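Report on the following structure.
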Amino acid sequence: MRILAFETTCDETSVCLLDDGRLLSNIIFSQIDLHRKYSGVVPELASRAHLEKISWVLGAALSKAGYRRPFFVGGRLRGPKIDAVAFSRGPGLPGALLVSRVAAEAAARLLGAKLLGVNHLEGHFLAYEYEGMTASRRIKFPCIGLIVSGGHTELWTAEGYGRYKVMGRTRDDAAGEAFDKVAKLLGLEYPGGPSVEKEALKSGPSGFDFPRPYMEDSFDFSFSGLKTAVAYKLRDMLGNDFYEKRLRPSPADRGRICLAFEEAVADTLVHKTARACADTGIKSVIVGGGVAANLRLRRKFMELSAKSGYEIKFAEKRYCTDNAAMVALCGARRLAARATGGSLDIAPDLAVVSWPGK
Ligand code: KG4
Ligand code: ZN
């Protein structure tokens, strides 16, 4: 089964070709340089850049995969077959989502392939199944899914492929968004996650402590208060107008703040996941999304695993941030389950839901 997949939900333009679980290519063009000077993704610039790059990325993905174009003989398409074309139909930025939608539909029509609109968040979850360039791992169901990205922080129970129930989600900022905003306050580069992580790794013991927004009565998250706590700390250190005056803490204090912030985010994510396991009796956890690349978070989850016996798995680092390979895998699992129906409309606020009929 051969699947061509498109991903343009936010600031990565990515196309891949997956052939019977083997990734023949997974080209990712990142727009980070474009958005860096704004310290965040500018939606209009993102969609234009996707539009400019998508055919180059598609061409690179096909040529890396050694895929020769099909040709028409007597009105019929000949050549290497592609069974399905998958694209992320949401959640994401509306203009950015349209680029994949249009490119995928054109490709599917041309290739006579099935068109599948998949859920980007499910892609982050399934990305765990890649080991190197092969989708050779299998998620052990039932499990708890924790998706931590720039736009989302969600905790699910997953009974099987396409059978998901949301337990909680963020009420304000996503975990990655909090990293990005704190980085901005500290004058660090976008994207904030890797920048904050780098500073924290350089720091000795922090000495600072930020609140853990555990919200014990619910499985929801809230990270905006944590960002405010960092802003208050900087105000105390540098004065009320530190942001307007672009005043920055010393490198040592910056590192200590990054470390304390990272600890608070990681403790919160681990605490709520542990509680979800205890409440449901489920002992297997999959963590996905850009923030899942964070080393301190991974370490804290490993500590939980050693203490509790829970089996906690992460996507490989290269598959944590946005990529088309995870989109292709959603398509592959749907094809295998013959769950190929469902809407093809873009859906900027798409929530994770079970597949039709599941
Ligand atoms: O999953 P992703 O690529 O895009 C979305 O679907 O949003 O996640 C991007 C987010 C950004 O907020 C970025 O700062 C964060 O993931 N991120 C990290 C790390 N790498 C990326 N956060 C913490 N530590 C990291 N190493
Ligand atoms: Zn994502």
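Count of segment 124-151 residues, restricted to those that are aromatic (Phe, Trp, Tyr) and over 16 Å from the mean Cα position of the chain (by Cα), is 1. Scanning segment 298-327 for residues that are surrounded by 20 or more Cβ atoms within 10 Å (Cβ to Cβ) and within 16 Å of ligand 2 (Cβ to nearest atom) turns up Phe314, Ala315, Tyr319, Cys320, Thr321, Asp322, Asn323, Ala324, Ala325, Met326, Val327. Only one entry of Lys198, Lys181, Lys202 meets the criterion of being of a type in the set (Lys, Arg) and buried (at least 18 other Cβ atoms within 10 Å of the Cβ), and that entry is Lys181.
Among residues belonging to segment 54-105 that are β-branched (Val, Ile, Thr) and crowded, with 22+ Cβ neighbours inside 10 Å, point out the one that is modelled with the lowest pLDDT. Walk me through how you get there before you give the answer.
Applying the first criterion (β-branched (Val, Ile, Thr)) to segment 54-105 yields 54, 57, 73, 82, 85, 99, 102.
Next cut, crowded, with 22+ Cβ neighbours inside 10 Å only: 57, 82, 85, 99.
Values: Val57: 98, Ile82: 93, Val85: 98, Val99: 98.
That would be Ile82.
Check segment 81-92 and report whether any residue there is without any contact (Cβ under 8 Å) to a residue 24 or more places away in the chain, assigned to a loop (DSSP other than H, G, I, E, B) and over 25 Å from the mean Cα position of the chain (by Cα).
If we filter segment 81-92 for residues that are without any contact (Cβ under 8 Å) to a residue 24 or more places away in the chain, which is where we start, we get none.
No, every residue in segment 81-92 fails to be without any contact (Cβ under 8 Å) to a residue 24 or more places away in the chain, assigned to a loop (DSSP other than H, G, I, E, B) and over 25 Å from the mean Cα position of the chain (by Cα).
So which of Ile144, Ile139, Ile82 ends up being touching a helix residue (DSSP H, G or I) at 6+ places or on another chain (Cβ under 9 Å), closer than 16 Å to Ala324 by Cβ, away from ligand 2 (no atom under 16 Å from the Cβ) and of a type in the set (Val, Ile, Thr)?
On the way: Ile144 fails: closer than 16 Å to Ala324 by Cβ; Ile139 fails: closer than 16 Å to Ala324 by Cβ.
Going through Ile144, Ile139, Ile82 in turn, just one is touching a helix residue (DSSP H, G or I) at 6+ places or on another chain (Cβ under 9 Å), closer than 16 Å to Ala324 by Cβ, away from ligand 2 (no atom under 16 Å from the Cβ) and of a type in the set (Val, Ile, Thr): Ile82.
All of Val270, Val285 fail the test of being surrounded by 16 or more Cβ atoms within 10 Å (Cβ to Cβ), more than 16 Å from ligand 2 (Cβ to nearest atom), among the aliphatic types (A, V, I, L, M) and farther than 19 Å from Ala200 by Cβ, apart from Val285. Considering only residues that are touching a residue at least 60 places away in the same chain (Cβ under 8 Å) and within 12 Å of Leu226 (Cβ to Cβ), which ones fall in segment 254-267? Scanning segment 254-267 gives Ile257, Phe261, Glu262, Val265. For the residues Leu226, Leu234, the requirement of being in a helix (DSSP H, G or I), more than 9 Å from ligand 1 (Cβ to nearest atom), of a type in the set (A, V, I, L, M, F, W, C) and more than 22 Å from the chain's Cα centre (by Cα) singles out Leu234.
The values are calculated or read from the model by the stated rules, or taken from the named source; none is laboratory data. This is a predicted model, so every value here is computed, not measured. As a convention, Cβ positions derive from the backbone with ideal geometry for all residues, glycine included, and neighbour counts pool all protein chains shown.
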